[in-house]
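J.: One structure, as structure tokens, below. Some questions next.
The values are calculated or read from the model by the stated rules, or taken from the named source; none is laboratory data. Here the structure is a predicted model, which means the values were calculated and not measured. So basically every Cβ, Gly included, is an ideal-geometry build from the backbone, and we count neighbours across all protein chains shown.
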Amino acid sequence: MRRIYYLIFTFVLIFTFENQAQELSVNIQTRYGILAGNSFETGGRGGSFGIDYLYQLKPSLQTVVGAEMSLVPWGTNLSGNLGLKYTKEISPKWNWTLKVETQQGIALFRMNELYAWGLSGIGGIEYKLSPKSILSICTGLSYTSCPAYKSYGLITNYLDLPVEIAYRLKL
Amino acid sequence: MNGLFKNIGLFLGVLFLSNCSSLAEPLAELNIGNKYSETADWLILESQTEAPTTGIIFYPGALVDPHAYLSWLDKLINSNKKLLIVTVKMPANLAVLNSQGGMKVIKNYPEITRWIVAGHSLGGTMAAQLISKHPDKFKGLIFLASYPANNTLKNWNGAILSIHASNDGLSTVSDIEKHKTDLSTATVMNSITDFHLPLQNKTHYFEIMGGNHAQFGSYGVQKNDFVATISKEDQQNQVIGIITHFIENL
């Protein structure tokens, strides 16, 4: 039942903004580990695939609403994302960008999904491929936690360095 | 635009339904007595008192939480205090996404002189892939309800043990039978100590009567599996007994 609730929650968020939103972004992310629990531990640590809908609040500020599926050390997470994105133009073709986002969702376990959440802040550069399409590459920090997984494993949170490539389309 | 959202929803829905892993029993109920630690990549079990000389790299079954095997792996160390057992965590709990992950374990433990790789279900198939690429690094391979994807190990000179269960609905007895030609000379065991020495260049097969697919771990009932007529403890005790004798004779 909770599974259905989270799916509905995700899509209600997306459709709420459908008539006003201005951009659609598809992104893939790969993550390099920094901390596992309280231990410093480096190495490749999964990644994610996400779709964001961006709605302009101010000329340089957008809200971000999206959905994301990510591979994490305990398996797979499905989350709804909500955040803010700041963009500063540095030339007709190039932008600086900064995005902070929270992920609220579930770790996909059969019979008993577990609540999972995350927080990320990434920044990078954008290149305007055409008046309607933009390619970006960003990096930063990403924190992921699944508190209830402590009943099943010793590590329930990770801090990673993500590298995200996104393609954005103006609608 | 609505069509696009419908397609995205469908895509996420399919991903969602196909990526649910089975949770293990809670850690507190496992009563692990040996030294247990965990990293982002591995679950590590070893004796509290003795230094290990033989390492087992364990690959979990598909969409099964890796902690689901800790209970009997801990008891396996009670039977042989010289074992180090490293269960490799898999991306999305799918061993097919990290079949070579065991090599990192070997590099991390240079003091271990003898390595065995074991796997349940898809984990066993990927364990075979690991040995196919690094045949000289391993002395033994253990399949639990599993078989190789091809015949690249047919002429491998290591020892192979294949344990399967009569009531397995996923890796059925006929599946195991069909893949016997992909491995070295088959030897059917009549009891858990019935090994034909030397073990090298042979594949020993043991069928657990009344066991099923899911009882090789502790993660509840698995879809499409048959009903077991023996308890999980009974099945796992037989697994521990066979593997202990296999390692003693290796």
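J.: How many residues does the range A:67-82 hold that are more than 9 Å from the chain's Cα centre (by Cα) and either surrounded by fewer than 18 Cβ atoms within 10 Å (Cβ to Cβ) or on the phi > 0 side of the Ramachandran plot (or both)?
T.: Adding up the residues that qualify gives 1.
J.: Restricted to the range B:74-93, and to residues that are part of a loop (DSSP other than H, G, I, E, B) and within 11 Å of another protein chain (Cβ to nearest Cβ), which residue is surrounded by the fewest Cβ atoms within 10 Å (Cβ to Cβ)?
T.: Keep residues of the range B:74-93 that are part of a loop (DSSP other than H, G, I, E, B), which gives B:80-82, B:89-90.
From what's left, within 11 Å of another protein chain (Cβ to nearest Cβ): B:89-90.
Numbers: B:89: 22, B:90: 28.
So the residue we want is B:89.
J.: Among the residues of the range A:23-59, write down those that are assigned to a loop (DSSP other than H, G, I, E, B) and surrounded by 15 or more Cβ atoms within 10 Å (Cβ to Cβ).
T.: Matches in the range A:23-59: A:37 only.
J.: Quick one: which strands (runs of 3 or more DSSP E) lie wholly within the range B:142-250 and hold at least 3 residues that are surrounded by 15 or more Cβ atoms within 10 Å (Cβ to Cβ)?
T.: B:159-165, B:202-208
J.: Within the bounds of the range A:115-138, is there any residue that is part of a strand (DSSP E or B), modelled with pLDDT of 95 or more and within 14 Å of another protein chain (Cβ to nearest Cβ)?
T.: Within the range A:115-138, one or more residues are part of a strand (DSSP E or B), modelled with pLDDT of 95 or more and within 14 Å of another protein chain (Cβ to nearest Cβ).
J.: With respect to the numbered conditions (1) in contact with a Gly (Cβ under 8 Å, 6 or more places away or on another chain); (2) modelled with pLDDT under 95, which one is the sole condition not fulfilled by residue A:2?
T.: The single condition residue A:2 does not satisfy is (1).
J.: Moving to a separate point now. Taking the residues in the range B:23-44 that are touching an Asp or Glu at 6+ places or on another chain (Cβ under 6 Å) and more than 10 Å from chain A (Cβ to nearest Cβ) as candidates, determine which candidate is nearest to residue B:221 (Cα to Cα).
T.: Only one residue fits best here, namely B:32.
J.: Considering only residues that are under 11 Å from the mean Cα position of the chain (by Cα) and hydroxyl-bearing (Ser, Thr, Tyr), look in the range B:41-88 and name the one that is farthest from residue B:115 (Cα to Cα).
T.: Across the range B:41-88, the extreme among qualifying residues is B:69.
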